[in-house]
1. Examine region 747-760 for a residue that is in contact (Cβ under 8 Å) with a residue 60 or more places away in the chain and of a type in the set (D, E, K, R), and state whether such a residue exists.
2. Which of the following residues is open to solvent by 60 Å² or more (accessible area, probe 1.4 Å) and free of Cβ contacts under 8 Å to residues at least 40 places away in the same chain: Asp595, Asp605?
3. For Thr781, which of the numbered conditions (1) modelled with pLDDT under 95; (2) open to solvent by 10 Å² or more (accessible area, probe 1.4 Å) fails to hold?
4. Any residue in region 60-78 that is in contact (Cβ under 8 Å) with a residue 60 or more places away in the chain sitting within a Cβ distance under 8 Å of a residue that is in a strand (DSSP E or B) and of a type in the set (Phe, Trp, Tyr)? List the pairs, counting only those 6 or more apart or interchain.
5. Across region 336-353, what is the number of residues that are assigned to a strand (DSSP E or B) and either under 12 Å from Gly390 (Cβ atoms) or among the acidic types (Asp, Glu) (or both)?
6. Assess whether Ala131 counts as being closer than 20 Å to Asp175 by Cα and modelled with pLDDT of 95 or more.
7. Taking the residues in region 259-304 that are surrounded by fewer than 24 Cβ atoms within 10 Å (Cβ to Cβ) and among the hydroxyl-bearing types (Ser, Thr, Tyr) as candidates, determine which candidate is nearest to Ser553 (Cα to Cα).
Amino acid sequence: MADDINFTRQGRSQGTGIGADVARVEDLRLLRGLGRYTDDHAVPNCAHMVVLRSPHAHAAIEAIDTSAACAMPGVLGVFTGADAAADGLGAMVSTIARPKRDGSPMASTDYRMLAPERVRFVGDAVAIIVAETRAAALDAAEAVLVDYTPLPAVTDVAVAVVAPGAANAAVLWPDSAPDNIAFVHTVGNKPKVDEAFANAAHVAGFDFRVSRLSANPMEPRNAIGMFDIAEERYTLITGSQAPHQTRNLICEQVLNIPTHKLRVISPDVGGGFGLKGGAFPEQALVLWAARKVGQPVRWAATRSESMLADYHSRDNVSRIELALDAQGQFLALRITTLAALGAYLAIPTLIAPIGNLGGLAGTYTTPFIHADVTGVFTNTQPTSPYRGAGRPEATYALERVIDIAAGEMGIDRFDIRRRNLIPASAMPYQTGLIFNYDSGDFEKNMTMAAELADWSGFPARRAQSEARGMLRGISVVNAIEIAGGPPKTPMDEGAELRFDSGGNLTMVLGAHNHGQGHETVFRQIAHSLLGVDPARTRVLMGDTDVVSHGRGSFGSRTMSAGGTAVALAATKIIARAKELAGQVLEADPADIEFDAGTLRIAGTDRAIRIEEVAKISYTPGRIKPGQEVGMQAQAIVSPQDATFPNGTHICEVEIDPETGQAKVLAYSVVDDCGTMINPMLVRGQIHGGLAQGLSQVLFERVEYDDSGQIITGSFTDYAMPRADDMPPILIDTNPVPTPVNALGAKGAGEAGTVGALPAVMNAIIDALSPYKIKHIDMPATAETIWLAMNRGK
């Protein structure tokens, strides 16, 4: 009902353009099993690669004997780190660098495709076996003999920093990081923050951990590598959120070849969530192996292998403090964090811990904020972005400490937030840390959310739960995130629009679809901008030989960046169409008006459709001699700035005090993602984001034993949410279009996750208020909650 009210109020589009609830066109093939994922590509004469992985969290490689494996039937080759070094394979290097606290350079990690001398986490790649069948490769892997000398290991970032002179410490990189510290990143006005804390009437704070996660997309990582000896050129088929960036990184950092020597094809992708935004060793290894054995090579991770070899996410411990005056006005905020980086600095590792710290400002007028982040090596998989990439962590820290402050000062949680909100009249607004918000109406978000969730009716619902012997809690949080790229320097995106000689449109996009519905929404954009029937529009993406330039899809950037490129290309197409229509209609192009795909001489009924103009552009004799044939346009452009999607989340939970089991009963969201191209798909994005945030709070955590072995290496031990764990979700929207891009879109892909972490946890803590529990760390399992409730008994 809430959705119907919402879109009636907005004026729901009944057509097929921007603003319409159009069903996803790609679902017709995907739901019939007609998708074309990497593993669906039947490449002739394809060999199989298996990766031999370390069973130790930290060990020296003394020797590797591959002779028995090489002699086994069907084996085409066994290759080690020594072979990779001999062939000149390079190492992957982080695309971001930050110095240490003393100003010295960030520690280097030399992330080789195969570990040459030392392994640093369970699952570290030691060798690859290439064989005619996967079974033969697996058998041969068992015959590879590796002589290891185990070394001390550490997997907990809270204890990973090594003191000077410590004996028998686990040190991953003795030369560049003897204390296991890779970098220290600080941002904000520390003197002003310290001064505000010194003069504050009240200081609230708490220590917390954000758990380590595994992304677990439906389609595990995989790759097919080919080498054309005639062209001296490689082809890689792999699920990637950013095919061009994957190509460039592999070429420049690993294979040391020009980028035109590698074609990357990323077909249908079964989920990415940030995991598939960067390059992985296996993608380079299948290419190298294909050249070594003289035939195509494929690799596909098993689910267990994914738990050992995929990059993980989050994993940090922090202390946050909020300074307030006597009336509950926010004066300053400070946070110190130890961020687990894993054993190596993978290409995207630094994005999450330092890339989105501006989110600590939230939707509030806090004048001074300071953040101090220490990146720490641990004997675990490298970390990389996961849905939100630092934004959920920042919002979680802020919104949890606000609830703590409200409780300690005896101020209503709703009221303390409202009195500190940035007013809509203040936009654009420079926050106390990095971000400058372009637009938004945060107070209206809260008002709408309270009505949507029936906030005032909660006491009666709580009483009903108490009558059944249950504990009930509610939360309200304000979420905001950055979308589209770094502030003031958002990354560019490319798009090409091509009309063919039949008057049909092909859109060639640098953005890439891995579940968001791009094939649908870009057709809607084309319909609104050019008036072209979506049925006559084709969308191409994910092939570096077809798409000349693209950054890919990540960070909720596609509509703001990719949409901007399409809009600019559309203006070029319209200008070209007016020129040609002027010739056909015998009028000055300046007198041609364009509306919904029709070109008309102003003030007359003489008109022609854009499809007909496209046909004419290819017809000999219909265009001027020497004039360019065809009608197409390309644009590579950056939006003016990043955008800031925002919203208010209200969550209700119920806890059984006998078992500690928490159940989310209801969830309400009012979201502002600017212009919604397809409101139905926006709601779907929010649902998905909420599911992943809720899951982290209630279920998910990667854990290791004292030796560094992962003990949550399958879905038997690593909990994932089921359908009945999800509550009813009410969604309303308060769209405030952004002025910084052509479509007014702010991004929606990560909005649900950003608000869900604090919303679910704050509701749990509210339900536990009779027990005076200030905080528990995620995941809030039944065991965790029960122990917290019974600790004082």
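1. yes
2. Exactly one residue qualifies, and that residue is Asp605.
3. Of the numbered conditions (1) modelled with pLDDT under 95; (2) open to solvent by 10 Å² or more (accessible area, probe 1.4 Å), the odd one out for Thr781 is (1).
4. Going by the 8 Å Cβ cut-off, the qualifying pairs are Ala60/Tyr148; Ile61/Tyr148; Glu62/Tyr148.
5. 2
6. So Ala131 fails the test.
7. Top of the filtered list is Thr259.
Every residue, every condition in (1) among the basic types (Lys, Arg); (2) not in a helix (DSSP H, G or I), yes or no:
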{"residue": "Ile434", "(1), (2)": "no, yes"}
{"residue": "Ser439", "(1), (2)": "no, yes"}
{"residue": "Lys444", "(1), (2)": "yes, no"}
{"residue": "Thr447", "(1), (2)": "no, no"}
{"residue": "Glu451", "(1), (2)": "no, no"}
{"residue": "Gly457", "(1), (2)": "no, no"}
{"residue": "Arg461", "(1), (2)": "yes, no"}
{"residue": "Gly473", "(1), (2)": "no, yes"}
{"residue": "Val477", "(1), (2)": "no, yes"}
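The values are calculated or read from the model by the stated rules, or taken from the named source; none is laboratory data. All values derive from a computational prediction rather than experimental measurement. Please note: Cβ atoms are built from the backbone with ideal geometry, for glycine as well, and neighbour counts cover all protein chains shown. Accessible surface is based on the protein model in full, side chains and every heavy atom, while ligands, DNA and RNA are left aside. Shrake-Rupley method; radii C 1.70, N 1.55, O 1.52, S 1.80 Å.
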